[in-house]
Amino acid sequence: MSESSTLPADLTDSQGTSAPPETETDRPLNPVETLFNESFARYQAGEDPTELVTAFKEVCDRAPKSAPAWTCLSWLYLLTNKPDAAYRAAKKAVKLSPTDAQARVNLAIAMLDSGQKGVRSHIELVQQMMTLEEVRSEIESSIADGLGRKPDWKSLQRVQQWLFA
């Protein structure tokens with residue numbers, strides 16, 4: 001999961017209990033944002049991805065239009081060898097945010113891991129997005145994180161080679 005995996009400022013849960021903020025720093029977080037942020041912090045602290053799937057599923061259930069939540073959930077599914085679930089989650093993330101490079105990387109990896117065709121178009125889009133240094137850096141960081149947690153991850157190694165060759 002990349003550093004930019006945060007919920008939009010105006011995220012509401014399924015009951016619509018969050019109002020748009022005045023500023024990012026002085027608005028209270030709603031329960032969904034709090035759960036997302038706490039779960040993301042646990043991931044960054046090195047917690048086992050298997051333990052975090054339930055929390056991110058809850059975030060996705062409560063905020064079904066949150067592309068960052070679906071992107072994180074797909075990454076966790078990939079790390080826990082659940083490519084079909086990862087594919088479904090990554091597909092939702094890409095549908096919600098077609099310009100999210102990490103969501104497309106996750107979708108490409110899930111497609112490779114589940115033997116699906118059509119990976120090239122996603123890789124080519126990510127390559128275009130990576131002309132921005134910030135996007136390139138986030139993808140590099142995410143790949144390094146993934147290989148650190150799952151060193152023999154063949155599909156991630158292939159994606160890395162395609163993106164950085």
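Bear in mind that the values in this text are calculations on the coordinates, not laboratory data. Computed from a predicted structure; not experimentally measured. No Cβ is skipped: glycine too gets one built from the backbone with ideal geometry, and neighbour counts run over all protein chains shown.
With (1) of a type outside the set (A, V, I, L, M, F, W, C); (2) within 24 Å of ASN37 (Cα to Cα); (3) surrounded by 15 or more Cβ atoms within 10 Å (Cβ to Cβ) as the list, and PRO83 as the residue in question, which single condition is left unmet?
(2)
Any chance you could count how many residues in segment 140-153 are assigned to a helix (DSSP H, G or I) and in contact (Cβ under 8 Å) with a residue 12 or more places away in the chain?
Going through segment 140-153 one residue at a time, the tally reaches 8.
Quick one: what pairs do we get from segment 111-139, first residue outside any helix (DSSP H, G or I), second surrounded by 17 or more Cβ atoms within 10 Å (Cβ to Cβ) and of a type in the set (Lys, Arg), C-beta under 7 Å, 6+ apart or different chains?
Sorted first by the residue in segment 111-139, then by its partner, the pairs are MET130/ARG136.
Name the residues in segment 24-76 that are of a type in the set (Gly, Ala, Ser), in a loop (DSSP other than H, G, I, E, B) and under 18 Å from LYS150 (Cβ atoms), would you?
From segment 24-76, those of a type in the set (Gly, Ala, Ser) are 39, 41, 45-46, 55, 63, 66-67, 69, 74; that's our starting set.
From the residues that got through so far, the ones that are in a loop (DSSP other than H, G, I, E, B) too are 45-46, 63, 66.
Of everything in segment 24-76, those that are of a type in the set (Gly, Ala, Ser), in a loop (DSSP other than H, G, I, E, B) and under 18 Å from LYS150 (Cβ atoms) turn out to be ALA45, GLY46.
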